[in-house]
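See structure below.
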Amino acid sequence: MKLDDATARVLSGTKVATEIREGLRPRVETFCRAAGRAPMLGLLLVGADPGSQIYVRNKIKASEGLGMATDLRRLPETASFDDVLDIVRSFNASAAHDGILVQSPLPVGLGAEAEQKIFDAIDPDKDVDGFHPVNVGRLVQKRPALTPCTPLGIIELLDRAQIEISGKRAVVIGRSDIVGKPIAMLLLHRNATVTVCHSKTVALARVASTADILVVAVGVPAFVTRAFVKPGATVIDVGTNPLTDRDRVEMIFGEGTMKMAAFEKRGTVLSGDVHPEVGSVAGALTPVPGGVGPLTIAMLLSNTVRAAEDRLSSDRRT
Ligand code: GUN
């Protein structure tokens, strides 16, 4: 099965992300006029993880493209826990920082619990990742909360594509704090009947194939094959897995495909968690790249604008 045989509607995250960003622009301008400054995102990057460098660069570019300010602090791989904590505390205390983002993963040398402890130290009202337990609790209780960006982006994409959620069966494969759990909660709040699957789920393909909406966030290239997908289902592919092995690329995408040509040119291509053969079974499918990825950044901007607006209106009340 070649990509070219795909019949599924392509759900472009790139297009929706542009619409979201343009919707934010007037809000940024209004904020700037009212506050006399731009909304500001503080970012902390610890160490030299190559993926993180790219993610952070893209987040800064997108923020500044919208007229927002950014403050990037970098710490070396050898930084101590207290070095990281000091920067988070300075962002918390700053009147000019509206959002705080500590890029994950933190260096392993900081210890297994460091990441959670650092996320816990972020002021929940500036927690634009939505990782703080206060925001997780607010989300579960369906209260106003800063909510993780990828799940928010998925809901935006479904809404703008006019894909009904209420009353539908949704299956989420993956139970991470960043994607699996929060998207399950958001789908539940929109009245889907939600099943969360994971590595110990028995008869995973059979369970997945009951879904009207299938969200896949496992980090395994081409994991979900056509056996997992009910004909006509909407499939949201959260995976972005770089492939550098030619045989693997050929096995997944097939000789003569555009992906194969891209691999021959660059020596690497991205694979989602969903096998390309799903394109001939699903009713709608997000591409990789250009699907969920751009939405994550758009929703980070959205969360930052929202945090800035909320802080401004609470300043005015006090
Ligand atoms: N690393 C990969 N994705 C994310 C994200 O959404 N937020 C943060 N802080 N780090 C990440």
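Out of all DSSP beta bridges with both ends in the chain, state the antiparallel percent to the nearest 5.
Antiparallel bridges: around 10 percent, rounded to the nearest 5.
For the pairs LYS117/LYS181; LYS15/LYS59; LYS142/LYS230, flag any whose C-alpha to C-alpha distance is greater than 25 Å.
From the list (LYS117/LYS181; LYS15/LYS59; LYS142/LYS230), the Cα-Cα distance tops 25 Å for LYS142/LYS230.
Out of the stretch 25-78, which trypsin sites (Lys or Arg not before Pro) are coil in DSSP terms and have no more than 15 other C-beta atoms within 10 Å?
In loop regions of the stretch 25-78 (DSSP not H, G, I, E or B), the sparsely surrounded trypsin sites (Lys or Arg not before Pro) are ARG37.
Run the reach check for LYS259 against lysines, Cα to Cα strictly under 16 Å, same-chain hits fewer than 8 apart removed. What comes back?
Cα-Cα hits under 16 Å: LYS2.
Enumerate the amide H contacts of VAL46 below 5 Å, restricted to partners 5 or more residues apart or on another chain; note that Pro and chain-start residues carry no placed amide H.
LEU75, GLN103
When a/c reaches 1.5 or more, the comparison of a/b and b/c decides; with that in mind, is the stretch 181-304 rounded, prolate or oblate per its Cα gyration tensor?
Because a/c hits 1.5 or more and a/b fails to exceed b/c, the stretch 181-304 counts as oblate.
Have a look at the DSSP beta bridges in the stretch 1-150 and tell me what percent are antiparallel, nearest 5.
Antiparallel: roughly 0 percent of the beta bridges in the stretch 1-150.
Got a sec to turn the phi values of the stretch 208-220 into Karplus ³J(HN,Hα) couplings, 6.51 cos²θ - 1.76 cosθ + 1.60 with θ = phi - 60°, whole Hz, x for Gly and Pro?
4, 6, 8, 7, 7, 10, 10, 10, 10, 9, 10, x, 10
Using a Gaussian network model of the chain whose springs link C-alpha atoms within less than 10 Å, name the residue from THR268, THR210, THR286 with the highest mean-square fluctuation.
With Cα springs under 10 Å in the chain, the top fluctuation among THR268, THR210, THR286 is at THR268.
Amide H to amide H, which residues 5 or more places from VAL269 or on other chains are under 5 Å from it, using H placed in the peptide plane?
Amide H to amide H, under 5 Å and 5 or more residues apart or across chains, VAL269 pairs with LEU243.
Lys and Arg at +1, Asp and Glu at -1: add these up for the other residues within a Cβ distance under 13 Å of ASP315 and post the number.
Once all neighbours under 13 Å are counted, the net charge is 0.
Plugging the Kirkwood radius over Cα pairs into Stokes-Einstein for the chain, at a temperature of 25 °C and a viscosity of 0.890 mPa s, what D comes out in µm²/s?
119
Take the alpha carbon gyration tensor of the stretch 1-116, find the square roots of its eigenvalues, order them as a ≥ b ≥ c, and report rounded if a/c is under 1.5; if not, report prolate when a/b exceeds b/c, else oblate.
Oblate shape, in that a/c is at least 1.5 and b/c is the bigger or equal ratio.
Got a sec to turn the phi values of the stretch 270-280 into Karplus ³J(HN,Hα) couplings, 6.51 cos²θ - 1.76 cosθ + 1.60 with θ = phi - 60°, whole Hz, x for Gly and Pro?
8, 10, x, 7, 10, 5, x, 4, 5, x, 9
When the helix-only estimate is applied to the chain (DSSP H runs of n ≥ 4, each -39,500 (n - 2.57), divided by the residue count), what is the mean residue ellipticity at 222 nm, nearest 500 deg cm²/dmol?
-13500 deg cm²/dmol
Taking amide H atoms as placed 1.01 Å from N in the peptide plane, list the residues 5 or more away in sequence, or in a different chain, whose amide H sits under 5 Å from that of LEU72.
When sequence neighbours closer than 5 places are left aside, the close amide H contacts are LEU43.
Only the coordinates and a few stated rules stand behind these numbers; no lab work does. Given the structure is predicted, the values throughout are model-derived calculations rather than measurements. With ideal geometry, Cβ positions are generated from the backbone for all residues, glycine too; neighbour counts draw on all protein chains shown.
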